[in-house]
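Trainee: Supplied in structure tokens, the structure appears directly below.
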Amino acid sequence: MVPTEAAVPLQNQSEILRPLPDFPDDIWSDHFDFFSQDQQVYDMYAKEIKMLKEEVRNMLLATENTITEKLSLIDIVQRLGISYHYGAEIANLVEKTFKVYANTKEYPDDLLSVALHFRLFRQHGFNISESIFYQFVETDGKFKESLSTDIKGLLSLYEAAQVRTHKDIILEEALAFAEANLKHVASYTSHSLAKQVNYTLKQALHKCIPRIEARHYISVYEEDECRNQLLLKFAKLDYNLLQMLYKQELSEIIRWGNESEIVSKLPYSRARLVESYFYGLGMFFEPQHSLGRIISAKTTALLTAIDDTYDSYGTLDELITFTDAIERWDAKEIDRLSICMRASYLALLNVSDGVDNELTAQQRSYASDKYKDEWKQYARSSYIEALWFIPRELPAFPDYLSNGLVTSLCYLLIPTALLAMECATEDVYDWLSNYPKILVSLAKICRLTNDIGSYEREKQYRGTGIECYMKHYNVSELEAKKKFADIAEAAWKDINEEFLKLSTTIPTEILERFLNLARIVNVFYKQGVDGFTNPHNVVEPHIIDLLRDPINF
């Protein structure tokens, strides 16, 4: 959409011309304003889940199952979204199985099982070697052509290749081999697995938001002739029970948004409260992380308002005052601000006060200090970006990227996600303050993927990162976009590698937040589309599935 030049009166100043992008309206309006929980239904679901939970636990711990049967069951339980009930049991089972393989070196001989084992071990932090795939490779390094018709094996191989690192040469070949043959199958719509193949090629498991995968896999598993009805019923009940909790939380976020006036008093900004909550849900889906979802949702909504202030509303004079006010972090600064900037500034201070109170009671004030520090750094970097992009004075690309990693929001969203996690100790926050490779890699994914998705809109009224790259390296728009996608894909490998390295020193529960934020970005900005700004047909179906419509029995 083409932005309009709007004349906006400002206190005691002449009219100022502003480039106001024509953002799409909030598509949810009153859909989620109010939720009244049916306590009788909730209690009934909770009672049934309690009984089924123990039966599934017994299935997981059954001693008569083979290793492959155990890992296959773990995979099903994880994909159905109910593995959080058995975190310790599953971790113990995967570790024991890995040790057996490490000692015996005896692996299955079918592609489906080998790829499944490899993926599960890597996802649980065990650095199993890619040599497990040697048995399927010819002397020239190519996968055996006889495997090209093993569709279930290829699907498993494709998913396994998503957890590859830079050192995994065979898995690069595995990805190319699996993808080429799966695309061939997908072209035959009559094939029994065509639907599943098409979905996998569009959304790999490793890069999918866990709750989206749960909703999808429940429907897939329901059509599986070998399905276990007990597992299926448990997954449906649990999904619907958690959805009730999400609806309550979302109602709270919308009420907060209305009371803080960050939507009504910021007409130039995107109204994305529902999408902001979806970000929080993407970071954590488990019921015990309610506070984490709410804080993450409020922070994402604030970031949207403040990001739009820097990117598409404020003048440089207003923005330097706004940046200084955030640096000072004091309600007394309010009178210096443009009227439209006051609501977001006050909302920021109020959210921060709530965080302070919560964490002071937990004796974790170091976490709230980090929260404020990252907000200040974000504001400074956003102002630097405005200095470049409002007058379209494009910097060298390395300078843009260095600053853009901060404005990617990851340096703020990860500490925010950890605020409500007691395992995020002062040592963890000290580690974060050194900007470890896993955080920098995540920021690259967020920055460059966002830049591709938002380019067509933003180039109409400001400078862009893609234009910086085009100018710096004298390349075309298409070449710049491809390079951004390549850098982001390489950063995924870095995250996978760092996940394996760090799993012995940093709690897995914390490392999962890095993966989940990368997954959120992958879903929102899939195929070069900005699904946050334009949620139609991108995240809209997922929001309906996860937050509005329960699963039918």
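The values are calculated or read from the model by the stated rules, or taken from the named source; none is laboratory data. Source: prediction; values computed, not measured. Reconstructed Cβ throughout: ideal geometry from the backbone, glycine too, with neighbour counts over all protein chains shown. Just so you know, the surface numbers come from the protein's heavy atoms only, side chains and all, with ligands and any DNA or RNA stripped out. Shrake-Rupley method; radii C 1.70, N 1.55, O 1.52, S 1.80 Å.
Trainee: From the list Ser382, Ser312, which one is under 27 Å from His472 (Cβ atoms), buried (at least 17 other Cβ atoms within 10 Å of the Cβ), modelled with pLDDT under 95 and not hydrophobic (A, V, I, L, M, F, W, C)?
Mentor: On inspection, the qualifying residue turns out to be Ser312.
Trainee: Quick check, is Val94 surrounded by 13 or more Cβ atoms within 10 Å (Cβ to Cβ) and either under 26 Å from Leu157 (Cβ atoms) or in contact with a His (Cβ under 7 Å, 6 or more places away or on another chain) (or both)?
Mentor: Yes, satisfied.
Trainee: Another question about this same structure. Test each condition in (1) in a helix (DSSP H, G or I); (2) open to solvent by 10 Å² or more (accessible area, probe 1.4 Å); (3) touching a residue at least 24 places away in the same chain (Cβ under 8 Å); (4) closer than 30 Å to Arg18 by Cα for Met470 and report the one that comes out false.
Mentor: That leaves (3) as the condition not met.
Trainee: Moving on to the next point. With the requirement that a residue be among the aliphatic types (A, V, I, L, M), assigned to a helix (DSSP H, G or I) and more than 24 Å from Glu489 (Cβ to Cβ), what does the stretch 164-196 give you?
Mentor: Ala194
Trainee: Hey, among the residues in the stretch 355-372 that are part of a helix (DSSP H, G or I) and free of Cβ contacts under 8 Å to residues at least 24 places away in the same chain, which one's nearest to Leu316 (Cα to Cα)?
Mentor: The first filter runs over the stretch 355-372 and keeps only residues part of a helix (DSSP H, G or I), leaving 355-361, 365-372.
Right, trim to free of Cβ contacts under 8 Å to residues at least 24 places away in the same chain and you get 356-357, 360-361, 365, 369.
On the way: Asp356: 31, Asn357: 34, Thr360: 36, Ala361: 39, Ser365: 34, Asp369: 28 Å.
Filtering the stretch 355-372 for residues that are part of a helix (DSSP H, G or I) and free of Cβ contacts under 8 Å to residues at least 24 places away in the same chain, the one nearest to Leu316 (Cα to Cα) comes out as Asp369.
Trainee: In the list Ile510, Ile487, Ile445, which residue meets the criterion of being crowded, with 21+ Cβ neighbours inside 10 Å, of a type in the set (Val, Ile, Thr) and assigned by the TED database to the domain that holds Val406?
Mentor: Ile445
Trainee: Return a yes/no flag: does the stretch 75-86 have any residue that is touching a residue at least 40 places away in the same chain (Cβ under 8 Å), among the small types (Gly, Ala, Ser) and either closer than 18 Å to Asn228 by Cα or open to solvent by less than 30 Å² (accessible area, probe 1.4 Å) (or both).
Mentor: Yes, that holds for at least one residue.
Trainee: How many of the residues making up the stretch 385-404 are in a helix (DSSP H, G or I), open to solvent by 40 Å² or more (accessible area, probe 1.4 Å) and charged (D, E, K, R)?
Mentor: First pass over the stretch 385-404, keeping only residues in a helix (DSSP H, G or I): 385-389, 397-404.
Restricting the remaining residues to those that are open to solvent by 40 Å² or more (accessible area, probe 1.4 Å) gives 387-388, 398-399, 402.
Going one step further and asking which of them are charged (D, E, K, R), we end up with 399.
Final tally of qualifying residues: 1.
Trainee: For residues in the stretch 353-379 being over 23 Å from the mean Cα position of the chain (by Cα) and small (Gly, Ala, Ser), which is surrounded by the fewest Cβ atoms within 10 Å (Cβ to Cβ)?
Mentor: So, considering only residues that are over 23 Å from the mean Cα position of the chain (by Cα) and small (Gly, Ala, Ser), the one surrounded by the fewest Cβ atoms within 10 Å (Cβ to Cβ) is Ala361.
To keep it simple, each residue is scored yes or no on (1) open to solvent by 10 Å² or more (accessible area, probe 1.4 Å); (2) on the phi > 0 side of the Ramachandran plot; (3) assigned to a helix (DSSP H, G or I).
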site: Cys226; (1), (2), (3): yes, no, no
site: Tyr246; (1), (2), (3): no, no, yes
site: Val263; (1), (2), (3): yes, no, no
site: Phe285; (1), (2), (3): yes, no, no
site: Gln288; (1), (2), (3): yes, no, yes
